[in-house]
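Before any comments, here is the structure.
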Amino acid sequence: MSSTTERRSGAAPAPSGQVRRRRGVRRRHVAAALAALVVAALGSLFVGVSDVSPADLLDADEAGTRVFWTSRVPRLTAILLAGSATAVAGLVMMSLTRNRFVSPQTAGTTEWVGLGIVVATLAFGSTSVLGKMGIAVAFSLVGTALFVWLLQRMVLTDIVVVPLVGILLGGVVSAAAAFLAYRFELLQSVDAWMNGDFSGVVAGRYELLWLVPAATVVAYLYADRFSVAGMGEGFAVNLGVPYTRVVTLGLVIASVVTAIVVVGVGSIPFLGLVVPNLVTLALGDNLRRVLPVTAVTGAAFVLVCDVVGRTIRYPYEIPVGTVGGVIGGVVFIVLLLRARRRVA
Amino acid sequence: MIEFRSVSKSFGDTRVVDDVSLTIPTGGITSLVGANGAGKSTLLSIAARLLPADRGRVLVDGLDVATTPGPVLARRLAVLRQENAMSVRLTVRELVAFGRFPHSGGRLTAEDHRLVDEAMAWFELDPLADRHLDQLSGGQRQRAYVAMVMCQGTDHVLLDEPLNNLDMRHAVQMMRMLRGMADELGRTVVLVVHDVNVASCYSDRIVALREGQLVAEGPTADLMTPELLRGVFDVEVEVHELAGRRIGVPWS
């Protein structure tokens, strides 16, 4: 049976030839992306205001060595953790809501975290990191739940309308946060917290971020179930996957990751949207396969944005949130226009 | 064997399925026929545990679908619904392989791969194996969905309007493949079809529903009569014997 089948597919040369080519490119791309990330990561360790060269590291008393270990390495670690986890959170959210434009950055989740940070600061002062994180996570969960609740009741489920509703919702929430902050004279600090920026990352101030790879690992373990849930409730139930439970778990992961990253380093606009979209556009939606690639690409995206921000106005810095917003925004608009064209 | 025991279901004030008791025996193809809104799809959805019944129970091999754990049932009963708007970009092979999920939870064994190959070959999908679903025609996609359901390897297969989107040639081809699943692989196939002649030509048994109630059930030949079809569809139907098959011709 199988030999006749092979002959049959061999008789149709166009599709099988296409297939083989695509597969080859796939492997090489992943390897190349990883290699590029490693090179860029090592390079980024030696970019900054104070001169640190690899030779300096051999001398433990050198000032450059101290800069390296208390600032450069933590900064790189934070970038890799935040970038990969945020991209994966976006990937999970977009497959579970079955809309490729829904991510924590377009569902209002980020803005809810911002509101949570303001409330936490008013309640506990600005020093309690754990209090801030707890409240931010709670607000993030509430915000995502509200969005999903709206999504289920929405009449217009157009692929572009859904995220626009999320962005509107986020606008309202962020206005509320701004009002609160204004009344209590926190406005400037809120802006500083919210805009993604790695310049403040030094040893002792970023370790919270070590929580997010755990969430990414859980997401990877559930990748197949997320893929099945993304096919829709009918398929999921047929395959024996508890649909509601799996969707809830995925959205909780995405919300918690978003809250921790925003509390830790601020928000990187469009990251959770643009990276998963580009990766799935190239590799398809099978989560088990695309999730690792998304994590690598997310880390690389943030790293590039950070290095660009560090060098473009040297010796000053442009926050990664601003750079990412510009790059991500352009890609987002291109993707939107493409989607519109495809629907029409 | 699938047993429906006094199953009822209402949407608001409308009773869509009204106290249906029915046993679908193991093996062969059974077709559910009836006019639009007769409750065929609802009945299938209840068996597929996509809708809870208001009253009554559905048993698959003696297992109550409402209480049996999802993964256990997913190894005995596979379902394909009518509308399958799927935005997920999977390749055909990936989709079919997900049919093995209830058995291997995503880590496919050599045996799983063999069964995926078999389902792909059965539905002649090999040339399309690495195409994404959104690059297929409606008919090819329908074939891929049915292949996935077959790959699930269940004794019972429930299909709601499997001929949707299929032209005449592909509809005949699909029915032949389903016939093969029943005859060669010994699966129990249950279909919802709106074309009574498809039911007549390809199924062993027919279950006729009208306004949520069971009108008649039995071997195909017994049910293809003008009186019964008039009762089910509310339209005059002549039944002719053509090449050994009974064909209903409606007229008004």
message: Could you give the length gained by full extension between A:Ala203 and A:Arg338, i.e. 0.36 nm per residue of separation minus their alpha carbon distance, to one decimal place?
response: 44.3 nm
task: Apply 1/(1 + (r/R0)^6) to the Cβ-Cβ distance of A:Ala33 and A:Tyr182, taking R0 = 25 Å, and write down the FRET efficiency to the nearest 0.05.
output: 0.05
Built amide H within the under 5 Å cut-off of B:Arg89, gap 5+: A:Asp285
- line: So A:Phe124 and A:Ser53, fully extended at 0.36 nm per residue minus their Cα-Cα distance, gain in nm 21.4 nm
field: Whole-number percent relative contact order across chain A, with pairs defined as alpha carbons under 8 Å at least 6 apart
entry: 28
statement: Per the helix-only model, chain A has a calculated mean residue ellipticity at 222 nm (DSSP H runs of ≥4, -39500 (n - 2.57) each, divided over all residues, rounded to the nearest 500) of -24500 deg cm²/dmol
query: Which percent, nearest 5, of DSSP beta bridges in the protein assembly as shown are antiparallel?
result: 60
statement: Rh_Kirkwood(chain A) over Cα pairs, Å, one decimal, evaluates to 21.3
query: How large is the helix-only mean residue ellipticity at 222 nm for chain B, computed as the sum of -39500 (n - 2.57) over DSSP H runs with n ≥ 4, divided by its residue count, in deg cm²/dmol to the nearest 500?
result: -9500 deg cm²/dmol
statement: If one builds a Gaussian network model of chain A from Cα atoms under 10 Å apart, the most fluctuating residue listed among A:Thr311, A:Thr258, A:Thr109 is A:Thr311
field: Separation of the B:Arg245 and A:Ala63 label points, Cα + 7 Å toward Cβ, nm
entry: 9.1
- request: Pop out the ³J(HN,Hα) list for region B:161-166 in order, Karplus 6.51 cos²θ - 1.76 cosθ + 1.60 with θ = phi - 60°, rounded to Hz; leave Gly and Pro as x.
  value: 6, x, 8, 3, 6, 9
- line: A chain fully extended from A:Thr248 to A:Val218 at 0.36 nm per residue, minus the present Cα-Cα distance, gains in nm 9.5 nm
message: Restricting to Cα pairs below 8 Å that are 6+ residues apart, what does the relative contact order work out to for region B:85-153? Please round to a whole percent.
response: 51
statement: Long-range amide H partners of B:Val239, meaning residues 5 or more apart or on another chain whose placed amide H is closer than 5 Å, are B:Val249
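No value in this document is a laboratory result; all are computed from the given coordinates. The shown structure was predicted, so the numbers you read here are calculated from the model rather than taken from an experiment. Reconstructed Cβ throughout: ideal geometry from the backbone, glycine too, with neighbour counts over all protein chains shown.
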